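Have a look at the structure below before the remarks.
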Amino acid sequence: MKNILIHFVEAVSSRKGRWVTLAVWIIVVGLLSSIFPNVNKVLNNGASDLPSNVTSVQAEKVAKEQFPNNTGTPLLLVWYRDGGLTDQDYQLITNLYKHLDKDPLSAQNFIPPLGNVPSQVLKSNASKDGTAIVTPIFMKKKASTDDLAANQTDLKSYLRAQKSNLNFEKNLSDAGLHVRFTGPVAIATDATALFGKADVTLLISTILIVLILLILLYRSPILAIIPLIGVVFANGLAGPVLGFLAKQGIITVDSQATSIMTVLLFGAGTDYCLFLVSKYRECLLEESDKFIALQKAIRHSGGAIMVSAITVVLSLCTLLLAQFGSFQRFAVPFSLAILIMGITALTLLPALLAIFGRVSFFPFIPRTEEMLAELEAKKGKKYRRRVAHSKFSRKLGNFVVGKPWTVIILSVVILGGLALSVPNIQYTQNLLDSFPKDMPSLEGFTLMTKHFAPGDLAPVQVIVNSEGKDPQIKEQISKLSFVDHVEDPVKGKKDANYQSYNVVLKGNPYDTKLVDSIAVISKRVSDTLSKSGIDPPKHYWIGGETSKLYDTQQATNHDMKVIIPVVIVIIAALLLMYLRSVVAMVYLIITVLLSYLSALGAGWLLIHNGLGQPAISALIPLYAFVFLVALGEDYNIFMISSIWKNKCTQPHRQAIANGVSETSSVITSAGLILAGTFAVLATLPIQVLLQFGLVTAIGVLLDTFVVRPLLVPAITTVLGRYAFWPGKLWKKQEEKVNKEIGL
């Protein structure tokens, strides 16, 4: 299979094949882009993250049937004035609702009759300190995000016309009346706007960072552009393919997925390109024919690129096993993007290198000794001899095999020390923590939490099917120490046996400790029903935002327990198939896991102590694991494959030293570019992407400068021939030893 692939890649980069390959890519990308919509046109940022069988989702379903609420989705207007709201402020509120009653917004579904109530009634609904009041406008549930955003703009225009000095975005400490739009409608539109701005910033920043790093590392403008051409074509193919799948309803793609996919394509894609480019440059120093040199480079690096891409694709596909929607929605876009990028690196990239040839490396063109001698004779001056590997790379390889135990101990101390911070990490499930603090809708929500009872903002909804009995639910839940009060039950419209209780908690309903209290409420309700002779299963449901966060926590914990072992098994199987060594597979997996834990620990230290954030998103550990373990194995495979090939013709220590010197430069370059692209995520205002970008960038740098060039080759050195057990290389070495001792 591998030989068939290599022959195919050689064909697409031959004298005729290179032009055919380029033409095919142009036609395919152009055709698909004209037929199918780009994935950015069919995004769905409102998809549910929780499976249908969890209690909070089931509670929503029961509530719609038994306690229907047709008022719509709330847009909450938070009115705030430091020092207290004035009569003029209340009059402005009254005028607004009179206006909305006569001239409703296009997406408006229902408004309370606040335009007809006396100001004293409005004042009674204000906060205790009289500085804030919240008024709702209910919007149509099927209204698009664009319509909702336009309606909010219309609202601001009307209010500004009534009061020119009204503050919508200024600092809340400034004097005057402040208005903030919050609630589900405003948070959704603000989030969409954030991701919209982030996509443009991310794309430009990623291209610039890759271009700058390529020029600095390789000092060739043409070579810097060639990998980018490959990535642009891969992105051009992935966009319409994913767009078609999303339009057909086969997959769901959100803004967060497309943002990370952009980084993944440029980072991992450039890495695959560099693996081939570095070997091609080395071969051009020994071979005058650029096509033969390219074939040699493909035979050396093609297999490693193929296995690396397959490893990442299969690892990302494990996200399909996730219960949590955000994880699951990443699987197809990311794995498909990497698959397309792998195909690009083995087809379009060789074709481009065959077209440009040695000119790719201008102005530092690699030439053979014979070509240099001929050029010197023609020009009448000496030309600098370029070496395949730097002096530092050779010294590094000799140092690792010369003092392997020193390298192992120092590496383990550094990585282990960082990993010790992992148990101290604090996590949050609250989506609002992902947004910047100055986002208007988040400012509005913060105002509500400061000036109104936090538990009133998001009460827990307990729904019970009493079957005609009286289980005393209100009395039992009220006894819990973290419950402020329980409102009187509301009976179901279709079945009076269904009763809904609003449970108001003491404190912020989004707080981690109160999220954990959902399990206590569930047990109390279950026990109460059992004592009343009611079988608890399918007779009670717990809904509300706090319950959703609890179910999110349970889903992400489940996904960690399922996906992490599956990823490890997949990578272990691929390493075993490629290297034919159980021992190598084991220590490579261990080094990757150690690298992951150290990256998570280092990321926490930076995010918590450096940026002052009290917690990181609970999504980060699995995000980082899948990416770091899969991408980390890329470097493992590339370096270890070089050692394995050297071992066929060289002594053990020499094979390792040469393997390190041959790959350290390209791994360093690839690692810096990959870390740089993920670090771009840290420039975005969305905290979950910032945290993911930092942790992943740190992990890539640890892989690049500690694990791959130092720890892995040092372990291979210490293990000697047993590193290859039970493969062919171990058997050959075993036979050689037996001959030497006369067996």
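The values are calculated or read from the model by the stated rules, or taken from the named source; none is laboratory data. No experiment lies behind these values; they were computed from the predicted model shown. Note that we place each Cβ from the backbone using ideal geometry, even for glycine, and neighbour counts take in every protein chain shown. When the accessible area is computed, the model is the full protein with side chains, heavy atoms only, and any ligands, DNA or RNA have been set aside. Shrake-Rupley method; radii C 1.70, N 1.55, O 1.52, S 1.80 Å.
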Task: His7 paired with Asn424, simple spin-label distance in nm, labels 7 Å along Cα-to-beta-carbon - done: 5.9 nm
Task: the stretch 531-576, Rg to Rh (Cα coordinates; Rh as Kirkwood inverse mean 1/r) - done: 1.32
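Using a 1.4 Å probe over the heavy atoms of the protein chains, calculate the carbon and sulfur portion of the accessible area of the stretch 593-726 as a whole percent.
The nonpolar share, carbon plus sulfur, comes to 68 percent.
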Task: Karplus-derived HN-Hα couplings along the stretch 563-576 (A = 6.51, B = -1.76, C = 1.60, θ = phi - 60°), whole Hz, x at Gly and Pro - done: 6, 4, x, 5, 4, 4, 5, 4, 5, 4, 5, 5, 4, 5
- [ ] Determine the calculated [θ] at 222 nm for the chain from helices alone, applying -39500 (n - 2.57) to every DSSP H run no shorter than 4 residues and normalising by the residue count; nearest 500 deg cm²/dmol.
- [x] -21500 deg cm²/dmol
TODO: With N set to the residue count of the chain, report its C-alpha Rg divided by 2.2 N^0.38 Å to two decimal places.
DONE: 1.14
Task: Estimated vicinal HN-Hα couplings, Hz - the stretch 676-693 in sequence order (Karplus 6.51, -1.76, 1.60; Gly, Pro = x) - done: x, 5, 5, 5, 4, 4, 6, 8, 7, x, 9, 4, 5, 6, 4, 5, 4, x
Task: For Asp484, distant residues with modelled amide H under 5 Å away - done: Val504, Leu505, Lys506
- [ ] Find how much the distance from Ile204 to Val562 grows on full extension, using 0.36 nm per residue of separation minus their present alpha carbon separation; answer in nm with one decimal.
- [x] 125.3 nm
TODO: Provide the FRET efficiency to the nearest 0.05 for the Ile590-Glu467 pair, computing r from the beta carbons and using R0 = 56 Å.
DONE: 0.50
Open item on the list: How large is the direction-averaged shadow of the alpha-carbon convex hull of the stretch 10-61, in nm²?
Closed with: 6.9 nm²
- [ ] Answer with one residue from Leu223, Asn609, Tyr80: the one whose Cα lies farthest towards the positive end of the charge dipole of the chain, charges on Cβ with Lys, Arg +1 and Asp, Glu -1.
- [x] Leu223
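Write down the accessible area per residue of the chain in Å², having rolled a 1.4 Å probe over the full set of protein chains.
44 Å²
Magnitude of the Cβ-charge dipole of the chain, K/R +1 and D/E -1, about the Cα centre, nearest 20 debye? Write down the numbers at each step before the final one.
On the way: 69 positive and 52 negative charges, 591 e Å.
It works out to roughly 2840 debye.
Once R0 is set to 30 Å, what does the formula 1/(1 + (r/R0)^6) return for the Cβ-Cβ distance between Asn44 and Phe482, expressed as a FRET efficiency to the nearest 0.05? Before the final figure, lay out each step's value.
On the way: r = 36 Å, r/R0 = 1.19.
Between Asn44 and Phe482 the formula returns 0.25.
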Task: Residues whose placed amide H lies under 5 Å from that of Asn109, excluding near-sequence neighbours - done: Phe138, Met139, Lys140
Task: Hz values of 3J(HN,Hα) by residue in the stretch 402-413 - Karplus curve (6.51, -1.76, 1.60), Gly and Pro given as x - done: x, 9, x, 5, 4, 4, 4, 5, 5, 5, 5, 4
Task: Residue-span extension gain [Asn125 to Ser526] - 0.36 nm each, minus C-alpha spacing - done: 140.8 nm
Task: Long pairs among Lys279/Lys382; Lys41/Lys61; Lys450/Lys474; Lys140/Lys493; Lys142/Lys548, criterion Cα-Cα beyond 24 Å - done: Lys279/Lys382; Lys41/Lys61; Lys450/Lys474
TODO: Please report the relative contact order for the chain, taking Cα pairs under 8 Å with a sequence separation of at least 6, and give it as a percent rounded to a whole number.
DONE: 18 percent
- [ ] Show the residues, 5+ positions off or on another chain, whose built amide H is closer than 5 Å to the amide H of Gln461.
- [x] Val503, Gly543, Gly544
- [ ] Counting only DSSP beta bridges with both residues in the chain, tell me the antiparallel percent, nearest 5.
- [x] 90 percent
- [ ] Calculate what fraction, in whole %, of the accessible area of the stretch 31-141 sits on carbon and sulfur atoms when a 1.4 Å probe is rolled over the protein chains.
- [x] 49 percent
Open item on the list: With a 1.4 Å probe and all protein chains left in place, how much of the accessible area of the stretch 422-552 comes from carbon and sulfur atoms, in whole percent?
Closed with: 48 percent
- [ ] Just order 51-59, 288-296, 531-539 by mean Cβ neighbour count inside 10 Å, highest at the front, would you?
- [x] 288-296, 51-59, 531-539
